[in-house]
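Below is one structure, written out as structure tokens, with a few remarks after it.
The values are calculated or read from the model by the stated rules, or taken from the named source; none is laboratory data. Just so you know, these numbers come straight off a predicted model, no measurement behind them. Neighbour counts are summed over all protein chains in view; Cβ atoms, including those assigned to glycine, are modelled from backbone coordinates with ideal geometry. Please note that ligands, DNA and RNA were not included when accessible areas were found on the heavy atoms of the full protein model with its side chains. Shrake-Rupley method; radii C 1.70, N 1.55, O 1.52, S 1.80 Å.
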Amino acid sequence: MDAEQARQRIISLSDEIRRHNYNYYVLSKPEIGDFEFDMLLEELIRLEKDYPEFSETDSPTRHVGGDITKDFRQVIHKHPMLSLANTYSEEEIRDFEERIHKIIGDEVEYVCELKFDGVAIGLTYRNGSLLQAVTRGDGIRGDDVTTNVKTIKSIPLKLHGHGFPEEFEIRGEIILPHASFEMMNGQRMEEGDEPFANPRNAASGSLKTQDSTEVARRKLDGFFYYLPGKELPLQTHYDCLMAARSWGLKISEYTVRCKTIEDIFDYISIWDTSRRELPFDIDGVVIKVNDLRQQDLLGFTAKSPRWAIAYKFKAEQVTTRLVSVDFQVGRTGAVTPVANLEPVQLAGTVVKRASLHNADIISALDVRIGDMVFVEKGGEIIPKIIGVDIEQRPDAANRLSFISHCPECGSKLIRTEGESAWYCPNESVCPPQIKGKLEHFISRKAMNIDSLGEGKVEILFDHGLVYNCADLYALTYDRLIGLEKTYESTEEKKEKRISFRDKTVVNILQGIEKSKRVTFDRVLFALGIRFVGETVAKKLGSHFISLEKLMHADFNELIEVEEIGEKIAQSILMWFSDQKNIEIVNRLRLSGIQFSMDESLIMRLSEKLSGLTFVVSGIFENFSRDELKKIIEAHGGKNIGSISSKTSYLLAGSNMGPEKRRKAEKLGVPIISEDHFLTMI
Ligand code: IVH
């Protein structure tokens, strides 16, 4: 074969493979068997290897993965990625329809769609090739996960047909079908990693995995439901979706047009039941005005379009028997009662355990071992027990009593006034607290040391190598190589062994090294200070800029920060007053962890607001509250949560509470409008 023949063959093979991918993954109507398909793909891989000059960036071989993403680049969305107004009530669907009829008149057609329970994604195609895939992020900017999305076989890297705009964006949801979810969790458990709680989390975790070959293995899928731009010469949302389908994008076959509110209710009621038969999760249906001019007329609120609404299904429930109760100690020492259940199918997965909340709820439910209990899976990760079927209570059912001592270390449990949880106070010795803190430290949203999953942390702890996060930075190759753990595989019912070989150890050490570049706000979150979640850590980070300043902040300085109330402030003060924590901080500092905001990462547009503090309240014409706060910070100003005599301005929108206005007036804080504010910058 000469070069020209190879080029021709690469083109024709690519087209053929694209067509088979489309038939198999989008239409579910394969024309050839797996073996034949694999032969074609192998031939293409071979040819591209021999003639790399003819290998195209949108070749179907890219679905296999191979590239590694070190850090996911942040991208500003061309159109903000808004969410939908949600409702659980039919009444509110009627209100939605009435509102629309008032504005538009009676001639309104709707499109009803499934509400996919996955991870929102925006794909940009340029000249028919997939250019970029970005997650929602905070709606303004998201993560560029293109490399990983390219491994999803139902997502065309090159569009079919014709008529697509030169450049356009299409939004949809990346989901993980139930079968792939079960398979993936099985494998994770085999490898000593914690299983994912539900398909949505698994999809989201997969998109942020660094090794795209691993992502390719996970069998993600995607459905598309919205074209935010105005590039298409079409009049309706439905026609846009059909056009996108003709280009090879996966549009749900259950997207329908409806004329009347009764049709909408029929659609809701069919899917409330039929969702159980779908091979993936949905959590409701979405109703959209079909005509694009009518959509324009209705417009958007700060958060969501006025032309669409999501009807969310009530959480699914099943009954099953309560077999026993374990008491688990979390990283904060809080003791959670966890029910062991007779396995039962719920919302697409098998549930064996469920949360029993806390001691108060156990006594309020009067739940007993042997009871038939109602289990519900809502938006939360862990299913909950929400009630007891007293009628079916066996005669010998024993009352459940909460434990008085820690099941792990034997310490007497304590309970703080006003809180429902019991705590084990033995923070620095109690094993699950130590392990939990380490697991939190390495977790994705914290230091993101993904080469060190939960199972591996346990091995390090069991061998006495790590007790706190600072110990991680003292690990060496020699200490890690050869470490082992045996465990009972529940799947195969036999003993299995995890051991640290060369590649594992190198990966772990590289992951730890890389974590030294993690930004200060995430380090702050990773420290695991009680009540300092991701958002609070971000606020603290951008307010104080360095750990040094945060450590020395007093109560008043802390509660000045937006969203920091008394409870959080107390907890921060307590954490830094503990000498053990100061030692950890000092050791982390010596290891090279980021303890201040990298000023170059803070988007600085000007210093015009430097030294000024703002309270932003109410609803605004041009920007959402969060956008205004970002603008303030970008110009060097600070946002604070409540008005004091030191506040420079109260930036007031409509609907602001009268209390805020009164307080500002009393303290002589100038009240400014959005327009006034914009003139300041
Ligand atoms: S339309 C401007 N349609 O649900 C509105 N969203 O809770 C664009 N979702 O942000 C969204 N299925 O991530 C739309 N058929 C569907 C959907 C859907 C799932 C997600 C999406 C959205 C969220 C809102």
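Treating cross-link reach as a plain straight distance, find the aspartates and glutamates whose alpha-carbon is under 14 Å from the alpha-carbon of LYS608, omitting any fewer than eight places away in the same chain.
Answer for LYS608, where 14 Å is the Cα cut-off: GLU633, listed by chain and number.
No partner Cβ under 4.7 angstrom, meaning no disulfide-compatible partner by this rule: which Cys of the chain qualify?
Singleton cysteines: CYS112, CYS240, CYS258, CYS469.
Can you pull a Stokes-Einstein diffusion coefficient for the stretch 30-80 at 10 °C (1.306 mPa s), Rh from Kirkwood over Cα pairs, as a whole number of µm²/s? Before the final figure, lay out the partial values.
On the way: Rh = 13.8 Å.
It comes out at roughly 115 µm²/s.
Test of understanding: what is the full-extension gain from GLU342 to ILE582, defined as 0.36 nm times their sequence separation minus their Cα-Cα distance?
Values: separation 240, 0.36 × 240 = 86.40 nm, distance 4.60 nm.
Separation in residues times 0.36 nm, less the Cα-Cα distance, equals 81.8 nm.
I need the phi-derived Karplus couplings for the stretch 39-48: 6.51 cos²θ - 1.76 cosθ + 1.60, θ = phi - 60°, integer Hz, Gly and Pro marked x.
5, 4, 5, 4, 4, 5, 4, 4, 4, 5
If N is the number of residues in the stretch 413-492, what value comes out of its Cα radius of gyration divided by 2.2 N^0.38 Å?
Values: Rg = 15.2 Å, N = 80, 2.2 N^0.38 = 11.6 Å.
So the stretch 413-492 has a normalised radius of gyration of 1.31.
Please compute the length gained on full extension between THR535 and THR57, using 0.36 nm multiplied by the number of residues separating them and subtracting their Cα-Cα distance. Before the final figure, lay out the partial values.
Numbers: separation 478, 0.36 × 478 = 172.08 nm, distance 3.77 nm.
Contour length minus Cα-Cα distance gives 168.3 nm.
Tell me the per residue accessible area of the stretch 247-384 using a 1.4 Å probe; a whole number in Å² is fine. The partial results should precede the final answer.
Values: 5910 Å² over 138 residues.
Value returned for the stretch 247-384: 43 Å² of accessible area per residue.
At 7 Å along the Cα-to-beta-carbon direction for both LEU234 and LYS666, put a label point, then send me their distance in nm to one decimal.
Inter-label distance under the simple model: 5.7 nm.
Just to compare against my own numbers: the Cα pair-distance distribution for the chain, 10 Å bins, whole % per bin, please.
With 10 Å bins starting at 0, P(r) equals 3, 12, 19, 25, 23, 14, 4, 1, 0.
Counting only Cα, what are the radius of gyration and maximum Cα-Cα distance Dmax of the stretch 635-681, in Å?
Cα-based Rg and Dmax for the stretch 635-681 come out at 10.6, 28 Å.
What is the log10 of I(q)/I(0) for the stretch 53-97, computed with the Debye formula using one identical point scatterer on each Cα and no solvent, at q = 0.16, 0.18, 0.22, 0.26 Å⁻¹?
-0.75, -0.81, -0.93, -1.00
Do the sum for the chain: with -39,500 (n - 2.57) for every DSSP H run of n ≥ 4, divided by all residues, what is the mean residue ellipticity at 222 nm, to the nearest 500 deg cm²/dmol? Can you show the working numbers first?
Working: 25 runs with 244 residues, N = 681.
It lands at -10500 deg cm²/dmol.
Using only Cα atoms, what Kirkwood radius does the stretch 337-408 have, in angstroms?
Details: mean 1/r = 0.0768 Å⁻¹.
Kirkwood hydrodynamic radius for the stretch 337-408: 13.0 Å.
Report the FRET efficiency, 1/(1 + (r/R0)^6), for ALA634 and GLU194, where r is their Cβ-Cβ distance and R0 is 35 Å, rounded to 0.05. Display every interim value, and only then the final one.
Details: r = 38 Å, r/R0 = 1.09.
Plugging the Cβ-Cβ distance into 1/(1 + (r/R0)^6) gives 0.35.
Would you calculate the separation in nanometres between label points at GLN74 and THR319, each defined as 7 Å from the Cα along the Cα-to-beta-carbon direction?
5.1 nm
Largest first, what is the accessible-area ranking of MET597, MET574 with a 1.4 Å probe? Don't jump to the answer; show the numbers that get you there.
Numbers: MET597 35, MET574 135 Å².
Solvent-accessible surface, decreasing: MET574, MET597.
Go through the stretch 312-323 residue by residue and turn each phi into a ³J(HN,Hα) via Karplus (6.51, -1.76, 1.60, θ = phi - 60°); whole Hz please, and just put x for glycine and proline.
9, 6, 5, 4, 6, 10, 9, 10, 7, 8, 7, 8
Could you grab the Rg to Rh ratio for the stretch 1-155? Cα atoms only, Kirkwood for Rh. List each step's numbers first, then the result.
Details: Rg = 21.5 Å, Rh = 19.2 Å.
Rounded to two decimals, Rg/Rh equals 1.12.
Normalised by the empirical 2.2 N^0.38 Å for globular proteins, what value does the Cα Rg of the stretch 259-324 take?
Values: Rg = 16.6 Å, N = 66, 2.2 N^0.38 = 10.8 Å.
Working it through for the stretch 259-324, the quotient is 1.54.
Give me the percent of Cα-Cα pairs in the stretch 153-277 that sit more than 27 Å apart, rounded to a whole number.
Values: 2793 of 7750 pairs.
That fraction is 36 percent.
Can you compute the FRET efficiency between SER428 and SER606 using 1/(1 + (r/R0)^6), with r the Cβ-Cβ distance and R0 = 56 Å? Round to the nearest 0.05. Please list the in-between numbers first.
On the way: r = 46 Å, r/R0 = 0.83.
After rounding to 0.05, the efficiency reads 0.75.
Compute the whole-percent fraction of alpha carbon pairs in the stretch 195-351 spaced more than 27 Å apart.
Percent of Cα pairs beyond 27 Å in the stretch 195-351: 46.
Please label the shape of the stretch 223-263 as rounded, prolate or oblate, based on the square roots a ≥ b ≥ c of the eigenvalues of the alpha-carbon gyration tensor (a/c under 1.5 means rounded; beyond that, a/b larger than b/c means prolate, else oblate). List each step's numbers first, then the result.
On the way: a/c = 2.40, a/b = 1.41, b/c = 1.71.
It comes out oblate by the Cα gyration axes.
Testing the spin-label approximation: label points 7 Å from Cα along Cα→Cβ at ARG293 and ILE382. State their distance in nm.
Taking the two extended label points, one gets 5.5 nm.
Rank by packing, highest mean first: peptides 173-180, 29-36, 313-320, with packing defined as the count of other Cβ atoms within 10 Å averaged across residues.
The packing order, highest mean first, is 173-180, 313-320, 29-36.
Over all Cα pairs of the stretch 1-91, how is the pair count split among 5 Å bins, expressed in % and running from 0 up to the last occupied bin?
Reading upward from the zero bin: 2, 11, 17, 15, 11, 11, 11, 8, 6, 4, 2, 1, 1, 0.
Between the stretch 308-337 and the stretch 555-589, what is the C-alpha centre distance in whole Å?
The two parts, judged by their Cα centres, are 31 Å apart.
Can you flag which of LYS230/LYS303; LYS384/LYS580; LYS219/LYS352; LYS70/LYS437 are past 29 Å Cα-Cα?
Working: LYS230/LYS303 20 Å; LYS384/LYS580 36 Å; LYS219/LYS352 25 Å; LYS70/LYS437 25 Å.
In this structure, LYS384/LYS580 lie more than 29 Å apart at Cα.
So if I take the alpha carbon set of the stretch 47-132, get Rg, then get Rh from the Kirkwood formula, what is the Rg over Rh ratio?
Numbers: Rg = 21.6 Å, Rh = 18.4 Å.
Reported Rg/Rh (Cα atoms, Kirkwood Rh): 1.17.
On the protein heavy atoms, probe 1.4 angstrom, tell me the percent of accessible surface of the chain carried by carbon and sulfur. Numbers along the way, then the final one.
Values: 16670 of 33660 Å².
The nonpolar share, carbon plus sulfur, comes to 50 percent.
Could you give each residue of the stretch 107-123 its phi-based ³J(HN,Hα) in whole Hz, using Karplus coefficients 6.51, -1.76, 1.60 with θ = phi - 60°, and x for Gly or Pro?
Each residue's phi maps through the Karplus curve to give 7, 10, 10, 10, 10, 9, 9, 6, 9, 6, 9, x, 10, 5, 9, x, 9 Hz.
Counting residues in the stretch 590-681 as N, plug N into 2.2 N^0.38 Å and put the Cα Rg over that result. All intermediate terms of the calculation are to be shown ahead of the outcome.
Details: Rg = 14.9 Å, N = 92, 2.2 N^0.38 = 12.3 Å.
Its radius of gyration relative to the 2.2 N^0.38 Å reference: 1.21.
Starting at 0 and stepping by 10 Å, how many percent of the alpha carbon pairs of the stretch 352-488 end up in each bin?
All Cα pairs, binned at 10 Å, distribute as 10, 27, 30, 22, 9, 2, 0 percent.
Probe of 1.4 angstrom, ligands and nucleic acids ignored: what's the accessible area per residue over the stretch 504-576, in square angstrom? Before the final figure, lay out the partial values.
Values: 3200 Å² over 73 residues.
Per residue, the stretch 504-576 has 44 Å² of solvent-accessible surface.
Write down, largest first, the equivalent ellipsoid semi-axes of the stretch 270-390 in whole Å, where each equals the square root of 5 times an eigenvalue of the alpha-carbon gyration tensor.
On the way: eigenvalues 286, 63, 28 Å².
They are 38, 18, 12 Å, listed largest first.
If you count the DSSP beta bridges with both ends in the chain, what percent of them are antiparallel, to the nearest 5?
Values: 80 of 91 bridges.
In the chain, DSSP labels about 90 percent of beta bridges as antiparallel.
Give me the extension gain from ILE103 to LYS485: residue separation times 0.36 nm, minus the current Cα-Cα distance, reported in nm with one decimal.
Numbers: separation 382, 0.36 × 382 = 137.52 nm, distance 6.61 nm.
Residue separation times 0.36 nm, minus the Cα-Cα distance, leaves 130.9 nm.
May I ask for the Kirkwood hydrodynamic radius of the stretch 490-643, worked out over all distinct Cα pairs and given in angstroms to one decimal? Walk me through the numbers on the way to the answer.
On the way: mean 1/r = 0.0558 Å⁻¹.
Every distinct Cα pair counted, the radius reaches 17.9 Å.
Pairs of Cα atoms under 8 Å, at least six residues apart: use those to get the relative contact order of the chain, whole percent. Could you put the intermediate results ahead of the total?
Numbers: 1187 pairs, mean separation 60.4, N = 681.
Worked out over the chain, it gives 9 percent.
When only DSSP loop residues count, what GluC sites (Glu not before Pro) in the stretch 362-440 have their Cβ near at most 12 other Cβ atoms within 10 Å?
Details: sites: GLU376, GLU380, GLU391, GLU408, GLU417, GLU419, GLU427, GLU439; in loops: GLU380, GLU408, GLU417, GLU419, GLU427.
Passing sites in the stretch 362-440 are GLU380, GLU417, GLU419.
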